[in-house]
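Beneath this line is the structure, given in structure tokens, with notes to follow.
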Amino acid sequence: MQVPFDSLMATHRGARRKLQLYFWALLLVGIGLVLLGLFAVLPLLPALVVGIVTAAVAVFPYREMVERDERIEGLHVLHDEWSELQTTSDDAERESDRFIELLWKLYGKR
């Protein structure tokens with residue numbers, strides 16, 4: 001049986017790229033608003049408040065990016081374990097069932 005580790009990792013990498021885009025967009029817009037307020041292009045207090053809040057909100061996509069990196073790393077480890085199990089196990093069928101059960105617990109629909 002083949003487990004689609006590559007497609008699972010590709011899904012997480014794609015989501016990570018989008019999150020990285022959101023992170024940088026929020027951070028740059030926030031810093032830009034603060035700078036516009038400091039250089040008196042916009043009213044100082046509203047620009048500072050909105051800019052700081054916008055830059056602070058960038059932490060949410062960043063946290064999700066870190067989570068996606070950890071999931072990708074975990075899938076790499078599981079892929080290596082699966083390959084080793086397929087080649088070295090005496091009772092490969094039973095071990096494969098246990099491994100797939102673990103995958104469903106980790107990545108299955110909840």
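The values are calculated or read from the model by the stated rules, or taken from the named source; none is laboratory data. Quantities reported herein were computed from a predicted structural model and do not represent experimental measurements. Cβ sites come from the backbone with ideal geometry, for glycine too, and all protein chains shown count toward neighbours.
Which pairs have Cβ atoms under 9 Å, sit 6 or more apart or on different chains, and link a residue in region 67-85 that is surrounded by 15 or more Cβ atoms within 10 Å (Cβ to Cβ) to one that is outside any helix (DSSP H, G or I)?
Leu78/Val3; His79/Val3; Trp82/Val3
Starting from residues that are of a type in the set (Val, Ile, Thr) and in contact (Cβ under 8 Å) with a residue 12 or more places away in the chain, keep the ones in region 7-65 and report whichever is surrounded by the fewest Cβ atoms within 10 Å (Cβ to Cβ). Full working, then the answer.
Start the filter on region 7-65 by keeping residues that are of a type in the set (Val, Ile, Thr), which leaves 11, 29, 31, 34, 41, 49-50, 52-54, 57, 59.
After this cut, where a residue has to be in contact (Cβ under 8 Å) with a residue 12 or more places away in the chain as well, the list is 29, 31, 34, 50, 52-54, 57.
On the way: Val29: 16, Ile31: 15, Val34: 20, Val50: 16, Ile52: 15, Val53: 12, Thr54: 19, Val57: 15.
By that ranking, first place goes to Val53.
Name the helices (runs of 4 or more DSSP H) wholly inside region 19-110 in which the number of residues that are modelled with pLDDT under 95 is 2 or more.
On the way: elements: 44-57, 59-88, 92-107.
Once the helices (runs of 4 or more DSSP H) in region 19-110 are filtered for at least 2 residues that are modelled with pLDDT under 95, what remains is 59-88, 92-107.
In region 2-14, is there at least one residue being more than 30 Å from Glu95 (Cα to Cα) and assigned to a helix (DSSP H, G or I)? Spell out how you get there, then give the answer.
First pass over region 2-14, keeping only residues more than 30 Å from Glu95 (Cα to Cα): 14.
Still in the running and assigned to a helix (DSSP H, G or I): 14.
Scanning region 2-14 turns up at least one residue that is more than 30 Å from Glu95 (Cα to Cα) and assigned to a helix (DSSP H, G or I).
Could you check, for region 97-104, whether at least one of its residues is β-branched (Val, Ile, Thr) and without any contact (Cβ under 8 Å) to a residue 24 or more places away in the chain?
Filtering region 97-104 for residues β-branched (Val, Ile, Thr) gives 100.
Still in the running and without any contact (Cβ under 8 Å) to a residue 24 or more places away in the chain: none.
No, region 97-104 contains no residue that is β-branched (Val, Ile, Thr) and without any contact (Cβ under 8 Å) to a residue 24 or more places away in the chain.
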